[in-house]
Amino acid sequence: PTEGRKYHPGMEIVEVFDSPGKGRGLRATKEVWAGDVLFADPCFAAVVFDSLVAHVCHSCFRRQAKLQRCGQCRFAQYCDRTCQRAGWVEHKQECAAIKSYGKAPNENIRLAARIMWRLNKEGGVVSDMQLTTLDDLEDHLSDMPEMDLKELKVDVHNFLDFWPRTGKQHTVESISHIFGVINCNGFMVSDQKGLQAVGVGLFPNLCLVNHDCWPNCTVILNNGNHSTINTMYHTQKRIELRALGKISAGEELTVSYVDYLNLSEDRKQMLKQQYFFDCTCEHCTKKTKDDLKMAGAVVDGVPEEKVKEVTEYSVEMLKKMENARLEANYNEVVKICRECVEKQENVLADTHIYQLKMWSTLGEVLSYLQFFEEAATYARKMVDGYVKLYHPNNAQLGMTMMRAGVTHWQAGHIEVGHGMICKAYAVLMVTHGSTHPITKDLEAMRNQTEMELRMFKQNEYVYHSMREAALKNQPMKMMAEPVEEGVKGLFRKK
Ligand SMILES: [Zn+2]
Ligand SMILES: [Zn+2]
Ligand SMILES: [Zn+2]
């Protein structure tokens with residue numbers, strides 16, 4: 001680690017430093033405010049998940065019903081010619097390798113290969129904001145459990161088989177390092193709207209940002225603009241590190257690798273298992289808000305025993321619910337949730353995480369099944385609970401407010417709906433920024449609900465007939481099928 005070294009002339013806001021007890025870290029060199037972008041890191045390499053290769057464009061990572069195959073390898077799939085052209089630089093060598101290997105290897109190997117091709121072509125320069133090199137990134141190979149290490153060795157072996165004989169040859173050690181880096185730094189790449197995880201990528205500079213359960217920054221993926229016909233004008237996939245509030249000069253920049261809704265013990269365990277460190281952040285040390293997350297309702301006469309009993313019951317029901325959800329049996333999901341929610345009512349606090357989980361699923365599935373009125377009730381309870389737990393500028397909180405706002409709009413509660421959409425917009429302006437597709441959607445929704453609200457106040461009859469028409473045309477297609485792989489974690493973990 002090089003104290004205070006700056007690599008890029010335009011990059012004066014951040015610098016690498018030695019973070020006590022954490023190794024290398026990043027800190028601010030001047031004061032920044034909520035929503036300020038500390039850096040944008042272009043994607044070094046990314047691949048679509050094995051499970052989604054036929055459903056997601058390999059260039060822009062959009063989910064599409066119909067994709068066109070690459071005529072050469074018959075593996076890569078694209079929205080259209082424009083996306084294919086835009087993705088050709090990254091796919092060219094992969095395409096030839098897949099053809100001669102006879103099939104496409106798994107996502108880890110595809111990502112490692114894309115990284116190596118790019119390294120061979122461009123050397124160690126990973127981006128113009130050169131804060132680190134791939135060689136310097138931690139691989140944690142020595143911390144890995146025996147089982148995972150075995151899997152990694154199989155991947156390395158298959159990689160060497162897949163890698164063209166005529167290309168530059170690599171040692172087992174250097175390839176193992178890359179797989180180790182991918183294992184602990186592979187970033188979840190989401191679809192355009194950020195609603196579903198569809199792939200994994202590497203953003204080298206992001207790897208320098210250390211974890212805190214109550215962080216001062218958030219990281220957001222912007223898939224770039226692939227809408228123009230001319231490939232030359234496409235903007236690149238990148239992540240942005242954005243400040244959640246005021247950060248003073250010299251303060252370390254942190255993001256959270258895990259969802260804050262977990263109890264401190266559980267977060268610590270996840271971080272140890274997946275990222276190989278013991279979290280000593282203030283919230284873990286003080287077990288901040290753990291009591292709220294497991295609390296009983298503030299109703300007279302709920303004995304501690306009863307809270308414990310319903311908590312244990314909830315764990316069982318959550319398992320059942322997850323299984324039904326995996327089978328896409330949504331009526332069964334609703335049945336299980338309703339049964340559980342009834343038992344939890346007036347026993348668990350509105351911040352109890354098992355109750356929040358049930359409300360969240362119930363709200364989401366009910367709105368998918370178009371029971372908007374009931375869905376809105378749970379969405380609202382959930383927002384009330386989240387507000388007491390999350391940082392006011394948490395992205396998850398903003399997205400939840402947005403969904404709740406749309407659900408209220410769908411249920412015909414225009415005033416509450418508009419209010420929630422406005423609140424969500426304020427959060428997303430900080431966490432996602434004004435150019436992110438989801439913020440743009442939200443802005444359109446805010447304008448529409450504002451207009452409707454004005455109309456509603458002027459003339460209710462006209463409002464209702466207009467709403468009917470709007471619902472028929474479905475201008476707000478926010479409610480996709482409840483997906484299993486939401487985007488909760490930052491990094492891809494097994
Ligand atoms: Zn595309
Ligand atoms: Zn191809
Ligand atoms: Zn912590």
About the Cα centre of the stretch 14-256, what is the dipole size in debye to 20, counting +1 per Lys and Arg Cβ and -1 per Asp and Glu Cβ, all else neutral? 1400 debye
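Please report, to one decimal in angstroms, the Kirkwood hydrodynamic radius of the chain built from all distinct Cα-Cα pairs.
On the way: mean 1/r = 0.0409 Å⁻¹.
Over the chain, the inverse of the mean reciprocal pair distance is 24.5 Å.
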Spatial separation of Cα centroids for the stretch 124-193 and the stretch 231-279, in angstrom: 21 Å
With a point put 7 Å past each Cα toward its Cβ, work out how far Glu309 is from Gln458 in nm, to one decimal. 5.8 nm
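Pairs of alpha-carbon atoms within less than 8 angstrom and 6+ residues apart define the contacts here; what relative contact order does the chain have, in percent?
Values: 805 pairs, mean separation 76.8, N = 494.
Across the chain, relative contact order equals 16 percent.
Can you put Tyr330, Tyr78 in order of Cβ neighbours within 10 angstrom, beginning with the fewest? Before the final figure, lay out each step's value.
Details: Tyr330 18, Tyr78 23.
With the sparsest Cβ surroundings first, the list reads Tyr330, Tyr78.
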Would you mind checking which residues have amide H under 5 Å from Ala45's amide H? H placed 1.01 Å from N; only 5 or more apart, or other chain. Leu202
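Go ahead and run the numbers for FRET between Thr166 and His55, Cβ-Cβ distance against an R0 of 30 Å, rounding to 0.05. Let's see the in-between values first.
Working: r = 33 Å, r/R0 = 1.10.
Working from the Cβ atoms, E equals 0.35.
Once you wrap a convex hull around the alpha carbon atoms of the stretch 143-261, what is its projected area averaged over all directions, in nm²? Present the calculation step by step, with values, prior to reporting the outcome.
Working: hull surface 47.0 nm².
Value for the stretch 143-261: 11.7 nm².
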Once amide H atoms are placed 1.01 Å from N in the peptide plane, what residues at a sequence separation of 5 or more from Phe39, or on another chain, have their amide H within under 5 Å of its amide H? Leu241
The helix 81-101 Cα axis meets the longest alpha-carbon principal axis of the chain at an angle in degrees, between 0 and 90 and rounded to 10, of 60 degrees
J(HN,Hα) series, the stretch 50-65, from Karplus relation 6.51 cos²θ - 1.76 cosθ + 1.60, nearest Hz, glycine and proline x: 3, 6, 10, 4, 9, 10, 10, 5, 6, 10, 9, 6, 7, 7, 9, 6
When the Cα centres of the stretch 288-362 and the stretch 11-28 are compared, how far apart do they sit, in Å? 41 Å
Given the stretch 282-473 reduced to its alpha-carbon atoms as identical point scatterers, what log10 I(q)/I(0) does the Debye formula return at q = 0.11, 0.12, 0.19 Å⁻¹? -0.58, -0.68, -1.27
Estimated Rh, the stretch 14-256: Kirkwood, alpha-carbon pairs, angstrom: 19.0 Å
Using only the alpha-carbon atoms, how far is helix 107-122 inclined from the longest principal axis of the chain? Give it as 0 to 90 degrees, nearest 10. 50 degrees
Taking Cα atoms, how many degrees apart are the long axis of helix 264-275 and the longest axis of the chain, rounded to 10 and kept between 0 and 90? 20 degrees
Pairs of alpha-carbon atoms within less than 8 angstrom and 6+ residues apart define the contacts here; what relative contact order does the stretch 282-473 have, in percent? 14 percent
At a Cα cut-off below 17 Å, give the lysines reachable from Lys289, other chains included and same-chain residues fewer than 8 away excluded. Lys268, Lys357, Lys388
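Grab the DSSP H runs of the chain that are 4 residues or longer, score each as -39,500 (n - 2.57), total them, divide by all residues and round the 222 nm result to the nearest 500 deg cm²/dmol.
On the way: 15 runs with 230 residues, N = 494.
Calculated at 222 nm, the ellipticity per residue is -15500 deg cm²/dmol.
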Loop trypsin sites (Lys or Arg not before Pro), the stretch 251-309 (other Cβ atoms within 10 Å of the site Cβ: 10 or fewer; DSSP): Lys286
Can you list residues whose amide H is under 5 Å from Val14's amide H, if they're 5+ apart or on another chain and H is modeled 1.01 Å from N? Thr29
Need one number: nm distance between label points at Glu151 and Ala40, each 7 Å from Cα along Cα→Cβ, rounded to one decimal. 3.5 nm
Convert each backbone phi in the stretch 315-323 into a coupling constant with the Karplus relation 6.51 cos²θ - 1.76 cosθ + 1.60 (shift: θ = phi - 60°), then list the ³J(HN,Hα) values in order as whole Hz, x for Gly and Pro. 4, 4, 5, 5, 4, 4, 4, 4, 5
GluC sites (Glu not before Pro), loop per DSSP, at most 11 other Cβ atoms within 10 Å - longest free stretch of the chain: 13-326
Computed D for the stretch 1-116, Stokes-Einstein, Kirkwood radius over alpha-carbon pairs, 4 °C, 1.567 mPa s, to the nearest µm² per second, is 76 µm²/s
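Readers should treat all values here as calculations from the given coordinates under stated rules, not as data from a laboratory. Remember, predicted model here, so these are calculated numbers, not experimental data. Cβ: placed from backbone, ideal geometry, glycine included. Neighbour counts: every protein chain shown.
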